[in-house]
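The values are calculated or read from the model by the stated rules, or taken from the named source; none is laboratory data. This is a predicted model, so every value here is computed, not measured. Note that each Cβ is placed from the backbone with ideal geometry, even for glycine, and that neighbours are counted across all protein chains shown. Please note that ligands, DNA and RNA were not included when accessible areas were found on the heavy atoms of the full protein model with its side chains. Shrake-Rupley method; radii C 1.70, N 1.55, O 1.52, S 1.80 Å.
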Amino acid sequence: MIKEKLYKACAATLSLLMLTACTMPKANESETKSNQDSKSQPDNALTVSSYTDENARAREFSTDTEYGVYIGVEYDELPEDISYDVLVIDAQYYTSEELDQLHKTNKEIYSYLNVGSLEDFRPYYDQFKDITLSPYENWDGEYWIDVSKEEWQEYIAKQIAPTLARGGVDGFFIDNADIYYMYPTDEIYDGLTTILTTIKKLNRKIIINGGNDYVTRYLEENGTLTPILDGVNQESVFTSINWDEGTFTESAADDREYFLDYLSQVAADGKAVYVLEYTKDEALAEMAKSKCHELGYKVYVSKNLELTGD
């Protein structure tokens, strides 16, 4: 359900050109909301990175900066001293040189990758709009997409993901696997599994944001989550979003209990657990951080849904 800040149409168009090297004439990927003014991308965006895992292992990182989610900002909008063990960005709007710079102070960089929905501002919207299923509640111009369609699976897993991998990301932050909650059919389940197992072959890590219905079924049927993910991120465990008023508050006890039980099953399978909370209440933020640290979960608290770091 994560959404980002408004990105520029020019940048999206240029990213589209960079992905046309594959056989299907498809465009780019990067989750945001926008049809604003332009940002130009260097010609070498998302080329093969010189970054290696050995570079990361050679550095030490503070346990106070375990997890940061900055999907709503571009490179020049990031804090100059940004440093996390795990940093999530929208890497399609970053050059490989920018990723190399971020790797100097951030251990692992994950790129947001939306697999379950389609926005009308994307360059490839017209190509895939015929396989959308229904509007995405609370997000105008966004639609759930039929992940059982082979053309969508090929585009996400064999065009976008490999391009991002070549750019230098360490993994993918997969969003909207909740398509299986919206459409709980075997076809949707199998489509998600095809996408995830194909991406896994790129030798990059996968964090699934949300998607607990899908993840739970996969774990029950297979006994382990290893073939599809390395960790999960759950939004709003200790906090809650009031969509009508645009405010944040503390989560209901039953919702919290449900998500904590789900996350404990993931952790029991030896997978990493990340928590993303939204609140401007400092006391609530500290409570969420304390609870997550007690459980051994990495947590990031944002003051806004756009994840701009403000």
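Round to a whole angstrom and tell me the spacing of the C-alpha centers of region 170-194 and region 233-309. If you average the Cα positions of each part, the centres end up 21 Å apart. With all protein chains kept in place, the per residue accessible area of region 72-173 amounts to 35 square angstrom at a probe of 1.4 angstrom. With 0.36 nm allotted per residue and the present C-alpha distance subtracted, the SER134-ARG166 stretch has 8.2 nm of extension available. Pop the C-beta distance of TRP243 and PHE121 into the FRET formula with R0 = 22 Å and round what comes out to the nearest 0.05. The formula returns an efficiency of 0.60 here. Based on the alpha-carbon gyration tensor of region 124-268 and its eigenvalue square roots a ≥ b ≥ c, which shape applies: rounded if a/c is under 1.5, prolate if not and a/b is larger than b/c, or oblate? Oblate, because a/c is 1.5 or more while a/b does not exceed b/c. FRET efficiency for the GLU282 to GLU77 pair, using the beta carbon distance and R₀ = 25 Å, is estimated at 0.60. Each of HIS103, ALA91, GLY116 was scored by the projection of its Cα onto the charge dipole of region 80-155, and the greatest displacement toward the positive side belongs to HIS103; charges sit on the C-beta of Lys, Arg, Asp and Glu.
Net length available on complete extension from GLU97 to THR198 is 33.7 nm, with 0.36 nm assigned per residue and the Cα-Cα distance removed. In this structure region 208-295 gives 46 Å² per residue of accessible area when probed at 1.4 Å with all protein chains present.
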